[in-house]
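Data first, discussion second: the structure below is written as structure tokens.
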Amino acid sequence: MHIHVLDQYRHADSPVHRLDPRVKLVSALFFILACALTPDGAWPAFVALALLWLAVTLMADVSLTLLLRRGLIALPFMLAAVTVLFTIAGAPLLTIPLPFSDHTLVITDNGVIRFFTIMLKSWLSVLMALLLSATTTFPDILRALRGIGVPNVLVGVIGFMYRYMFVLGDEVLRLMRAREARMAWGPPGQKHGGTVIWRARIVGGMVGSLFVRSLDRSDRVYNAMVSRGYTGEIVWPDKPALHFPDIAWAGGFAVVLITIELWARLL
Amino acid sequence: MTEINGDEPVLHVHDLRYAYPDGREALNGVTMHVNHGEKVALVGPNGAGKSTLMLHFNGILKGNAGQVRVDGMDLVKENLGVIRAKVGLVFQNPDDQLFSTTVFEDVAFGPLHMGFSSEEVHHRVHDALEKVGIGDFAPRMPHHLSVGERKRVAMATVLAMGPSILVLDEPTAGLDPRGRRSLINLLRSLDATMLVSTHDMPLVGELFERMIVLDGGQVVADGPTAEIMANPELLEAHGLEAP
Amino acid sequence: MLFSQFHIPFAAPEAMHIPDGFLSAPVAIAMWVITAAFVVLAVRRASREFDERMVPLMGVLAAFIFAAQAFNFPVAGGTSGHFLGGALAAILLGPWAGLLIMTAVIALQALIFQDGGLLAMGANIFVMGIVTVWIGYFVYQAMARFNRYAAAFIAGWLSVFVAAVMASFLLALSGTASLGVVLAAMATVHAFIGVGEGLITAGAVALVAAALPEMYGRQVSGRKTDRGTFIAGGVILALAVGVMAVFFASPSPDGLERVAEDKGFLGAAQGPLYELAPDYVVPGVTNETLAAVLAVILGTLLLFAVGYGIARALRRRSRRLAETPVVVTDSP
Ligand SMILES: Nc1ncnc2c1ncn2[C@@H]1O[C@H](COP(=O)(O)OP(=O)(O)OP(=O)(O)O)[C@@H](O)[C@H]1O
Ligand SMILES: [Mg+2]
């Protein structure tokens, strides 16, 4: 993942963009929970969940290919799940002799089912999270977090973090570039690069000085807040009321999800 | 709230001394005042103590010795709320001033803390952004803005609070010629009392009738701009140049 | 903006951000409940300690941890030293503030980068924001009086290592990975990654101690660990042990035992790994998975003891070096 994709929000004027952020956040969470609750091998249910996602995505007017491509980010984690192919009890599908030993790998049918179930769950969940951040600005997500009861202080901290990670991130990039610009080789035959400990000390020092500067900055930010009347309690703009379309959407989405889950269990 | 009385200067500083916690003495006995309605420039070389002095007008720093009064009020805890509503302080670095995730939230921060109603807050935010020429910036995120745009938002954050005294730390630094020009016009049009620190000598010559030169934490000159600008020795001695 | 022009990986480097789909719903929800309780407590504690400065302070420092995670340096053989930050945050600001900072970092990574799942966020915060923070804090507190750099190194290393073990257990408990393999793999990889964490933590502590002796002294050497922090540490330990206990008590939904009997993949895969680390085999314990776990726990304790010894030994040396400017004496 790279920093250039940091702001994934894609502006458009779609019904999904216009939804109340609280409704979007909760809907996305329920969708991901539904994925987690779907039993192994309930393929029709996964197809239904995928279609649901697709329908919302098309409605949201965001690039499908972009989401699908970015949806692969959890793929490397697949390695962790590979083991279930061999460790779940079931009828053997494939026996692979391991070279240079008398052991064999046995892939079982249930193992394969579990493996693909995990992959599907993970993929659909990531796609839904991506859709959420593509259609909701981060400040709106913060508003939604406040709306669903996350402590104000924590939302405040996350908001400040979001604001200053760009500032400090730039600082890090500058430091790293300054370091790289001086990572030269000495005369031929001379060992370059220093020891691991030395290199680590340099980076540790950079981290430490970044910390000291961040402390200073937090002081200045605090001053800026105080000079505009801050006394310890962040005052937020009023929460807007939920409108009928938002409520209808939330209800409809929940009904569809519950139906899919019940159906998955009856299959 | 104390009434503004005719003779009391709006900003009154007497023999102010301040040392940072690390021991660095930034102010060594500053005495100055700014009268009601005056627009005064504060100039001096890097490290002269301009920003340090400005932080005193909002009670953010408290001098180790000496006196600071704003509108006849001492900077004691009970007065700070009133003083902070009167004095709009714009920091030198807009990244310190703009701490919210959207421009709207940032400009609304002051008015919200002053307890205004939701409509009033919206109205003030809109007004302030219009004044600095970026009326359509409300939903944008501060980190997406250019330095000059951030400077303007920083101005808006205090304008939205309707202050009668503006204390601005290098407001034109980083602005393009057009941005600088519109800021100058804005400053000219506001009838608030102003103390503006700057390295922009043409700006001083154009906008301010009076200037104060600070160096080494002390006031080394204070008087009509024309007079001080006509004294090249003085300017040069303190690392300045006439425009 | 530099950020948008340069394609530099700014995501967390640790392979510990569990995505959604890899934790079963009961595990994910249970971890959410536990984590939420800790976060609520931490909000209360930190608000008391840092009062009205708390929001800007924690927010900017969370941004700091996030930015610092981008630093890397080559260690050996293509791996690079990376940084998670939980131990450092806890050493510099205490465990409660550290927990809040790491919570913000992990939440933001999940919400913006999809790095780590939303349903899995409770577990991710527990592993990377609670376990790392308390381990980092207590290890440092226990050893700093001997030699603070060694203490910081071990705190950083151990925090990452134990977090990796914890993550493996959660995956296994969810039935999405086989414990033996995942544990061996995660433990091995993070034993190396942890070196980077430890070195950076130590380097950062050295700089902060030199640059801000008063703040450092107040925050670290002078800090009295109060009862709440101890109790929280005990609860975390109990939870960690509990997760393992639940795992072994559960009627093995995925037939892990069968694997051991059948000498299928596990036997083969573990072979070479076990040869690499022969001490993973504990004599007298037949269940291979259980043996692996016990070995990891014993190994961890052993490493802790060795580290403690080294730190103690170094203490004598650092006394003699006390005149170097970086060393701010904090005599016990
Ligand atoms: N937080 C701080 N801690 C210690 N010393 C400081 C701090 N801030 C400023 N100083 C020192 O105080 C002196 C005055 O600084 P100040 O920022 O007020 O100068 P200035 O006139 O605003 O300069 P510039 O034109 O560069 O903005 C400088 O020597 C500076 O190094
Ligand atoms: Mg200045």
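The values are calculated or read from the model by the stated rules, or taken from the named source; none is laboratory data. Owing to the predicted nature of the structure, the values given are computational and were not obtained by experimental measurement. With ideal geometry, Cβ positions are generated from the backbone for all residues, glycine too; neighbour counts draw on all protein chains shown. We work out accessible area using only protein heavy atoms, side chains counted, and drop any ligands, DNA or RNA first. Shrake-Rupley method; radii C 1.70, N 1.55, O 1.52, S 1.80 Å.
Listing for the model above:
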| quantity | calculated |
| --- | --- |
| Test result for residue A:84, surrounded by 14 or more Cβ atoms within 10 Å (Cβ to Cβ), at pLDDT below 95 and either under 27 Å from residue A:114 (Cβ atoms) or over 17 Å from the mean Cα position of the chain (by Cα) (or both) | yes |
| Enumerated strands (runs of 3 or more DSSP E) restricted to the stretch B:14-83, each holding at least 2 residues that are within 14 Å of ligand 1 (Cβ to nearest atom) | B:25-34, B:39-43 |
| Some residue of the stretch B:180-191 being in a strand (DSSP E or B) and either surrounded by 22 or more Cβ atoms within 10 Å (Cβ to Cβ) or more than 16 Å from ligand 2 (Cβ to nearest atom) (or both) | no |
| Filtered residues of the stretch B:159-171 (kept if within 16 Å of ligand 1 (Cβ to nearest atom) and buried (at least 22 other Cβ atoms within 10 Å of the Cβ)) | B:167, B:168, B:169, B:171 |
| Which numbered condition residue B:111 misses (of (1) more than 8 Å from chain A (Cβ to nearest Cβ); (2) within 16 Å of ligand 2 (Cβ to nearest atom); (3) surrounded by 23 or more Cβ atoms within 10 Å (Cβ to Cβ)) | (2) |
| Matching residues, the stretch B:193-218, being open to solvent by 10 Å² or more (accessible area, probe 1.4 Å), under 24 Å from residue B:163 (Cβ atoms) and away from ligand 2 (no atom under 16 Å from the Cβ) | B:206, B:207, B:209, B:210 |
| Residue selected from the stretch B:219-242 under the condition assigned to a loop (DSSP other than H, G, I, E, B) and over 17 Å from residue B:47 (Cβ atoms), by the criterion nearest to ligand 2 (Cβ to nearest atom) | B:241 |
| Residues that are facing chain C (nearest Cβ under 7 Å), open to solvent by 10 Å² or more (accessible area, probe 1.4 Å) and part of a helix (DSSP H, G or I), drawn from the stretch A:139-156 | A:153, A:154 |
| Residue list for the stretch B:41-66, filter: within 16 Å of ligand 2 (Cβ to nearest atom), more than 14 Å from every other protein chain (Cβ to nearest Cβ) and in contact with a Phe, Trp or Tyr (Cβ under 7 Å, 6 or more places away or on another chain) | B:41 |
| Filtered residues of the stretch A:222-256 (kept if part of a helix (DSSP H, G or I) and over 28 Å from the mean Cα position of the chain (by Cα)) | A:222, A:223, A:224, A:225, A:226, A:244 |
| Complete set of residues in the stretch A:12-29 that are touching a residue at least 24 places away in the same chain (Cβ under 8 Å) and within 10 Å of chain C (Cβ to nearest Cβ) | A:25, A:28 |
| Entirely in the stretch C:130-222, the helices (runs of 4 or more DSSP H) that have 3 or more residues that are modelled with pLDDT under 85 and not acidic (Asp, Glu) | C:179-211, C:213-216 |
| Pairs, first within 19 Å of residue B:240 (Cα to Cα) in the stretch B:43-60, second assigned to a helix (DSSP H, G or I) and near ligand 1 (Cβ under 6 Å from one of its atoms), C-beta under 6 Å, six or more apart | B:44/B:50 |
| Matching residues, the stretch B:109-150, being assigned to a helix (DSSP H, G or I), out of contact with any Lys or Arg (no Cβ under 9 Å at 6 or more places or on another chain) and more than 20 Å from residue B:85 (Cα to Cα) | B:130, B:144, B:147, B:150 |
| Test: residue in the stretch B:73-91 that is within 16 Å of ligand 2 (Cβ to nearest atom) and closer than 17 Å to residue B:16 by Cβ | yes |
| Test: residue B:127 is buried (at least 22 other Cβ atoms within 10 Å of the Cβ) and more than 22 Å from residue A:162 (Cβ to Cβ) | no |
| Within the stretch B:23-39, considering residues that are crowded, with 18+ Cβ neighbours inside 10 Å and within 16 Å of ligand 2 (Cβ to nearest atom), the one farthest from residue B:69 (Cα to Cα) | B:26 |
| The one condition in (1) open to solvent by 50 Å² or more (accessible area, probe 1.4 Å); (2) free of Cβ contacts under 8 Å to residues at least 60 places away in the same chain; (3) not aromatic (Phe, Trp, Tyr) that residue A:37 fails to fulfil | (2) |
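Table: residues versus (1) at pLDDT below 90; (2) touching a Gly at 6+ places or on another chain (Cβ under 7 Å); (3) part of a helix (DSSP H, G or I); (4) of a type in the set (Gly, Ala, Ser).
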site: C:47; (1), (2), (3), (4): yes, no, yes, yes
site: C:67; (1), (2), (3), (4): yes, yes, yes, yes
site: C:84; (1), (2), (3), (4): yes, no, no, no
site: C:91; (1), (2), (3), (4): no, yes, yes, no
site: C:112; (1), (2), (3), (4): yes, no, yes, no
site: C:122; (1), (2), (3), (4): no, no, yes, yes
